[in-house]
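The values are calculated or read from the model by the stated rules, or taken from the named source; none is laboratory data. Owing to the predicted nature of the structure, the values given are computational and were not obtained by experimental measurement. Quick reminder, even Gly has a Cβ in these numbers, built from the backbone with ideal geometry, and neighbours come from all protein chains shown.
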Amino acid sequence: MLSFHILLAQASEMPHTTLSTEKSDSKIYIIHVSKPERKLFAQSEDLESWYHSFMPPTTMSTKEQKQIIHSYHHVLSGFAARLTQEELSAIEKKNGFISAHPERMLHPQTTHTPQFLGLQQSNGLWKESNFGKGVIIGILDSGIEPDHPSFSDAGLSPPPPKWKGRCELNGTACNNKLIGARSFKIAGKAMTEESPIDDDGHGTHTASTAGGAFVNHSEVLGNAKGTAAGIAPYAHLSVYKVCYGENCPESIILAALDAAVEDGVDVLSMSLGQSEPIPFSRDNVAIGAFTATQKGILVSCAAGNYGPLYGTVVNGAPWILTVGASTTDRSIVATAKLGDMQEFDGESVFQPSIFSPTLLPLAYAGKDGKQASAACDSGSLSDIEFRGKVVLCERGGGVGRIEKGNEVKRVGGAAMIIINDEINGFSLEADAHVLPATHVSYAAGLKIKAYINSTATPTATILFKGTILGNSLSPAVASFSSRGPNLASPGILKPDIIGPGAGILAASPFAIDNSSNSKSNFNIMSGTSMSCPHLSGIAALLKSLHPEWSPAAIKSAIMTSADLLHVGLEPIVDETLKPADIFATGSGHVNPSRANDPGLVYDIQPDDYIPYLCGLGYSNNEIGIITQRKINCATVSNIPEGDLNYPSFSVVLGPSQTFTRTVTNVGEAYSSYAVIVTEPEGVEVKVHPNELHFSEVNRKATYSVTFNRIGLGNRTGEYIQGFLEWVSDEHSVRSPISVIFE
């Protein structure tokens, strides 16, 4: 069984578990069947009869109603059922059967970020969009805590008339902010056992990030103080519980997507994903998202937490907004000070005021040469060796950062310094540790180890400096953020965009308590799970201001207006502090205000994806699974991936290649644009025409781009990048270019 993940950075350091199944000889399968004849199956009840007609007699005798777990009416033609191999074989022989695969398990992968993104209450995008008023954001996650102040509906109007959803919470828990809350049947459990209440914390955090209300005096353990707000604070929220702990069953995700489409949401936010890229015809998030896109719903998904390795990005379908993670300019600083007066800034949310700055003995947890000890794994340390000392622990080893602190505290350690592994470099995490602690970079860790080895009596302490704003290297790409290229479709550059995803403060369903007598109903988390709802909220703001824009137009506006420079006006960096490439940044870091006025957009209609899918080599049946209708690629003008009207270019270059793009004028009626190309090294880029002229809004213009390889030498597999930019007096519309040589 493959895995889908809630894309939360801390969870990625821990081993995953799976939900138990009720019978060892059966599995849950997602069954795709052809659509029935409309005349015969016009009603929902008739569709259920059609699905049940596929169930073999063996399940009929054991009450087939209990075998079909979920029936899908919108996002795919088919159902989920628990079946033995014999029962599945019987279904496969029936007319109308298309395909089946075992259910996969997905997994889950702010006081300051609105201001960091340039959103202000008094003017600009927030005020112009009325803070997202009237837009409905659907959240597929671990549920919600409805009593949290982030979900107050003070000053909000009722949902729009199109809303068809429902609330499964008791009493008056739903309101004009939280307008819907649903849970779905888990195989082997009675429906009454499930509730939309969040017992994990992930869903409450992501929901409040996307659309939480203004909450004054928010903080976590006395740090990051301010007024918390979601990105679209006046938007409505509808929550669909699909995750239980680290597990998000695929059949439930499909049921939630089906419900969200029927309910009438405008934006769907899914902070979850697979552990690896898979073909779109077997990716039920991609399949469900396609139907949502056809209905005019923008779907925003986490890019994954498997960076900085290349080729790890997930949720890579071109109709999905795929979101990577960046840092913000806020740090909660805890400085490791050594006996030789060296100091290394790190981070920690827990900043005890009573901790003395007096130097204490410093010891490396891995001095016995064992990996478990170095990682401060449970039961690996000795109280004789570490009592009363500052303990140096290695990041990773399958041990969560807070769990490392639990082990150090168990043996009487006075404090802890976590040092990064090389792959995470300078990317740090601020955690609510259980004892005085800090998390420092890999480079700092090397120097701390060298100091320990240089003296017989190494000492250290931790200086807690609180919340500091203005990091000139922000935003930077978070080390965990998954990278391209997009293995599911190499001709489509992914991720699309990066947004705040490291050290994000948002609502928590329970008080954060690290046994320090300091509690908070907000929490700080990191992951592409956190960046995804930021972009979902921004999409809601744009939808509120531009209801006529398609999902593709909103995506284009976000992508072509993105920032390439950090606060210090230098190129955005990654975990090495070197310039990040576009497999890490996609189009760049989101700039909401510029996205509101992009000048030009690259629009795509749902039918435009069909020639693209045919060009990718999918069979008619496979494309039918995605599009929910019969497709014959022999009658379709197939196109290469690069000819999809996407706002970026991803080229696998052997011979010369020419692609076309069409832009739509959404800026000033009378406007002219000239092209500026930053050519990838060793590639000639020709654009025709090199000027575009418009005389009215919504007028379209088409141009072609030819990529020619120049120079000699074998460059097979080499990757380079550049940019294509259309510039007018008022706008700059930029597309990144990635080139991999064949």
Exercise. Cβ-Cβ below 7 Å, separation at least six or inter-chain, first residue in the range 340-353 and closer than 21 Å to Asn420 by Cα, second buried (at least 20 other Cβ atoms within 10 Å of the Cβ) and of a type in the set (D, E, K, R): which pairs?
Worked result: Glu347/Glu429; Ser348/Asp431; Val349/Asp431
Exercise. Any idea which residue in the range 197-212 is farthest from Ile231 (Cα to Cα), counting only those that are of a type outside the set (D, E, K, R) and surrounded by fewer than 24 Cβ atoms within 10 Å (Cβ to Cβ)?
Worked result: Ile197
Exercise. Among the strands (runs of 3 or more DSSP E) confined wholly to the range 170-261, which include 3 or more residues that are out of contact with any Lys or Arg (no Cβ under 9 Å at 6 or more places or on another chain)?
Worked result: 215-220, 223-228
For this session: Test Ile625 against the criterion of being farther than 20 Å from Asn708 by Cα and in contact with a strand residue (DSSP E or B) (Cβ under 7 Å, 6 or more places away or on another chain), and give yes or no.
Result: yes
Seminar exercise, completed: Within the range 242-252, restricting to residues that are within 16 Å of His74 (Cβ to Cβ) and in contact with a Cys (Cβ under 9 Å, 6 or more places away or on another chain), the one that is surrounded by the most Cβ atoms within 10 Å (Cβ to Cβ) is Val242
Exercise. Would you call Glu684 part of a loop (DSSP other than H, G, I, E, B) and surrounded by fewer than 16 Cβ atoms within 10 Å (Cβ to Cβ)?
Worked result: no
Problem set entry | Qualifying strands (runs of 3 or more DSSP E) (wholly inside the range 698-742; at least 2 residues being hydroxyl-bearing (Ser, Thr, Tyr) and at pLDDT 95 or above) | 700-709, 732-741
Exercise. For the range 707-718, what are the residues that are buried (at least 16 other Cβ atoms within 10 Å of the Cβ) and under 26 Å from Thr662 (Cα atoms)?
Worked result: Phe707, Arg709
For this session: Would you please name the residue that is nearest to Gly527 (Cα to Cα), looking only at residues in the range 266-285 that are of a type in the set (A, V, I, L, M) and surrounded by 24 or more Cβ atoms within 10 Å (Cβ to Cβ)?
Result: Leu272
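One line per residue, one yes/no per condition, for (1) outside the structural domain of Ala557 (by TED's automatic domain parsing); (2) more than 22 Å from Trp549 (Cβ to Cβ); (3) over 17 Å from the mean Cα position of the chain (by Cα):
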site: Gly264; (1), (2), (3): no, no, yes
site: Leu272; (1), (2), (3): no, yes, no
site: Phe290; (1), (2), (3): no, no, yes
site: Lys295; (1), (2), (3): no, no, yes
site: Val299; (1), (2), (3): no, no, no
site: Tyr310; (1), (2), (3): no, yes, no
site: Trp319; (1), (2), (3): no, no, no
For this session: Answer yes or no as to whether Ser331 is surrounded by fewer than 24 Cβ atoms within 10 Å (Cβ to Cβ) and in a loop (DSSP other than H, G, I, E, B).
Result: no
Exercise. For the range 70-145, which fully contained strands (runs of 3 or more DSSP E) count at least 1 residues that are of a type in the set (Asp, Glu)?
Worked result: 136-141
